[in-house]
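To start, the structure itself, in structure tokens.
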Amino acid sequence: MASHESSYRPTSRFTKWIDDRLPLPRMMHGQFVDFPTPRNLNYLWTTGGLLTFFLVIQIVTGIVLAMHYVPSAHDAFNSVEHIRRDVNYGWLIRNIHAVGASFFFLAAYIHIARGLYYGSYKAPREILWILGVVIFLLMMATAFMGYSLPWGQMSFWAVTVITNLFSSVDAVIPGLGTRIVEWLWGGYAVSGTTLNRFYALHYLLPFVIAGVVGLHIWALHVVGQNNPTGLDIKSPSDAVPMAPFAIMKDLFGLSVFVLVFAWFVFFMPDYLGHADNYIEANPLSTPPHIVPEWYFLPYYAILRAIPDKLLGVIAMFSSILLLIFVPWLDTSRIRSTKYRPVYKIFFWLFIFTVVALGYLGAKPAEGVYVQWARVFTAYYFLHLLVVLPIVGVMETGRPLPNSITEAVLKKGSAAPKTR
Amino acid sequence: MASHSAETPNRRDFIVIAAQAFAGVGAAVALWPFIHQMNPDASTQALASIEVDLAPVKPGQAITVSWRGKPIFIRNRTPEEVQAATKVPLNDLKDQSARNDLLPERTPASDVNRTKRGKENWLVLIGICTHLGCIPKGQSMNDQKGDFGGWFCPCHGSHYDTAGRIRLGPAPQNLHVPPYEFQTDTMIKIG
Ligand code: HEM
Ligand code: FES
């Protein structure tokens, strides 16, 4: 872990006794109290704490829901209604869980965009970044299976359409795709059997996520945090101890975010969902317009933009998997986009592209919507595969400050000058 | 092992290789039940076949029944609909296979290969879009039937003709024809 003098001094005989046997308090102190954090972190750096908070919230509310939920095709829908109407505070806990999933993703998207902007994926943070992509994939799997649980019309048809993506393998090896899909379903169509196994996995995966988050934070604390300048911590004056500085900033950011979150939980809990999911699943009738949850829309737009089934599926999965290679696709020697005037334009174009794809994913798959989805899908891949490597080589960056301290003090910041 | 000559394997080499092989094969074999348990179970496979009485279905009407948890479309086609289907040159079709579960995959997708001889007005299909599994519209009178008068899948816009063949959109295959036989003149058995 990042080397710094430990200021941990066990005070009582008991803590000394512990320290000689399992120095867990020493480790926590070293990693989360006097851990050196760059003094110039902005509010985008509070998203990490936010994500940890939401993971805990989802696990706690999820375990409570699991005490009342019944994972069978016959009872699932009614048991969720039972939670909302009869269980004491069931409405609240269910709303926190359902809206929580959305805000979890919102925080994750900001967190990822921050990493892209400040070049946080660049050496020596490649593994840290890849672990992040793994967490993102696990989150998507978890949310997808969680969304099946209320067993409404959207649940059922989302499961049908998404699991059927694997049938595209039939185009390569005839019959194999169908075998995979029937294996996932445990039958010849989506059924209660499918619901039951999704429930088991929905319970499991968040704990897998927690494990990978542990590795993610470990990797972070080995190399240290990036910061808006992209410079390394070079002298003690570049850093402040995590507690109280970073911790308090995290708490303030968290409070503001949770305020917005609470607004949704209490006043518009269904705003981010679909009315159709309050109709019980009917395997014999597809709703006229099926759309995934908002956080899947960009990928859904990519899937539909491509007229070939197999290629559409490949494009959709590679749009996410490509992120793994970003550390090597970006050839620039400057980390932070702050000092990259040309790339900055492309960065915002990329963000616009993802948002536009999200908008188009919610529209019917016809006419101009498909045309635009194709344009933006093309830019999505061009950005990662062409713009990142080429701009990195061609661009001359703006001069970098000599140190974090210099960058901060030039702006006349009131940040503490101690240490 | 430096003290032994590399060419002559000794007893310890044998034990190492045997133990590794045993553990490797054992782990692979033990994995299979855990994978296979997810496949359709015995009760799901023991699929009941169903009988459907076609007498009440008038020309131009369609009914949907459920078989193996899947919707089955049964349409009593009008002579115009049959004619529209037989008229299509096979080269215009996106999927050349009849997709009839009772016929080999190679069978051309002509209308007669997707119906029963002398019963060409009856079209029996698995009502699941071959794209990503939605249920196409077109069964009820006022449904949108798509550009080719058969079925239209609203999920991602696949159009099927009056023989249930894919004509436009992302779906790769024609709607499948399930295994069925006529028991009497107006009674079919599916499965
Ligand atoms: C990464 C963490 C998690 C995410 C992103 C997540 C996401 C979701 C989503 C999107 C839903 C559907 C909500 C709706 O629209 O009704 C859901 C439902 C559910 N989840 Fe989770 N979940 C997580 C963790 C957990 C855990 C750890 C458990 C159990 C221990 C759990 C138990 C449930 C149950 C029982 C439901 C069904 C009740 C309902 O639909 O409100 N979840 N989850
Ligand atoms: S599922 Fe029918 S068009 Fe996609």
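The values are calculated or read from the model by the stated rules, or taken from the named source; none is laboratory data. As the structure is a prediction and not an experimental result, all values here were calculated from the model. Because the Cβ atoms are built from the backbone with ideal geometry, glycine has one as well, and the counts that use them run over all protein chains shown.
General observations
- Among the residues listed as B:Gln144, B:Gln173, the single one being closer than 14 Å to A:Pro287 by Cα and away from ligand 1 (no atom under 16 Å from the Cβ): B:Gln144
- Taken as a whole, region A:154-161 holds no residue that is near ligand 1 (Cβ under 9 Å from one of its atoms), crowded, with 20+ Cβ neighbours inside 10 Å and of a type in the set (Val, Ile, Thr).
- Matching entry among A:Ser255, A:Ser237 (being more than 16 Å from ligand 2 (Cβ to nearest atom), hydroxyl-bearing (Ser, Thr, Tyr), farther than 30 Å from A:Ala365 by Cα and free of Cβ contacts under 8 Å to residues at least 24 places away in the same chain): A:Ser255
- Residue in region A:102-119 that is away from chain B (no Cβ under 14 Å), away from ligand 2 (no atom under 16 Å from the Cβ), under 19 Å from the mean Cα position of the chain (by Cα) and outside any helix (DSSP H, G or I) present: yes
- Restricting the search to strands (runs of 3 or more DSSP E) fully inside region B:20-130 and requiring at least 3 residues that are surrounded by 13 or more Cβ atoms within 10 Å (Cβ to Cβ) and not hydrophobic (A, V, I, L, M, F, W, C) gives B:70-76.
- Qualifying residue in region A:354-365 (condition: in contact with a Leu (Cβ under 6 Å, 6 or more places away or on another chain) and within 14 Å of chain B (Cβ to nearest Cβ)): yes
- Within the span defined as region A:231-238, every residue fails to be more than 21 Å from A:Met316 (Cβ to Cβ), within 11 Å of chain B (Cβ to nearest Cβ) and surrounded by fewer than 19 Cβ atoms within 10 Å (Cβ to Cβ).
- Among (1) closer than 23 Å to A:Trp328 by Cα; (2) at pLDDT 95 or above; (3) aliphatic (A, V, I, L, M); (4) part of a loop (DSSP other than H, G, I, E, B), the one test that A:Ala123 misses: (2)
- Candidate set: region B:157-169, residues that are more than 14 Å from the chain's Cα centre (by Cα) and within 20 Å of B:Lys70 (Cβ to Cβ); chosen: the one nearest to ligand 1 (Cβ to nearest atom): B:Ser158
- Residue tally, condition on the phi < 0 side of the Ramachandran plot, within 16 Å of ligand 2 (Cβ to nearest atom) and either of a type in the set (Gly, Ala, Ser) or not assigned by TED's automatic domain parsing to the domain that holds B:Thr186 (or both), over region B:99-152: 2
- Residue match in region A:34-46 (condition: of a type in the set (D, E, K, R), in a helix (DSSP H, G or I) and within 31 Å of the chain's Cα centre (by Cα)): no
- Checked against (1) closer than 17 Å to B:His36 by Cβ; (2) facing another protein chain (nearest Cβ under 8 Å), A:Ala189 passes all but a single condition, namely (1).
- Selection count where residues are within 16 Å of ligand 1 (Cβ to nearest atom), more than 16 Å from A:Val80 (Cβ to Cβ) and part of a helix (DSSP H, G or I), scope region A:267-296: 3
- Exactly one residue out of A:Val87, A:Val70, A:Val60, A:Val56 is more than 9 Å from ligand 1 (Cβ to nearest atom), under 26 Å from the mean Cα position of the chain (by Cα) and at pLDDT 95 or above: that is A:Val56.
- Flag if A:Thr163 is within 16 Å of ligand 2 (Cβ to nearest atom), touching a residue at least 12 places away in the same chain (Cβ under 8 Å) and within 22 Å of the chain's Cα centre (by Cα): yes
- Looking across A:Asp250, A:Asp270, one residue alone is among the charged types (D, E, K, R) and either exposed (fewer than 13 other Cβ atoms within 10 Å of the Cβ) or out of contact with any Ser or Thr (no Cβ under 7 Å at 6 or more places or on another chain) (or both). It is A:Asp270.
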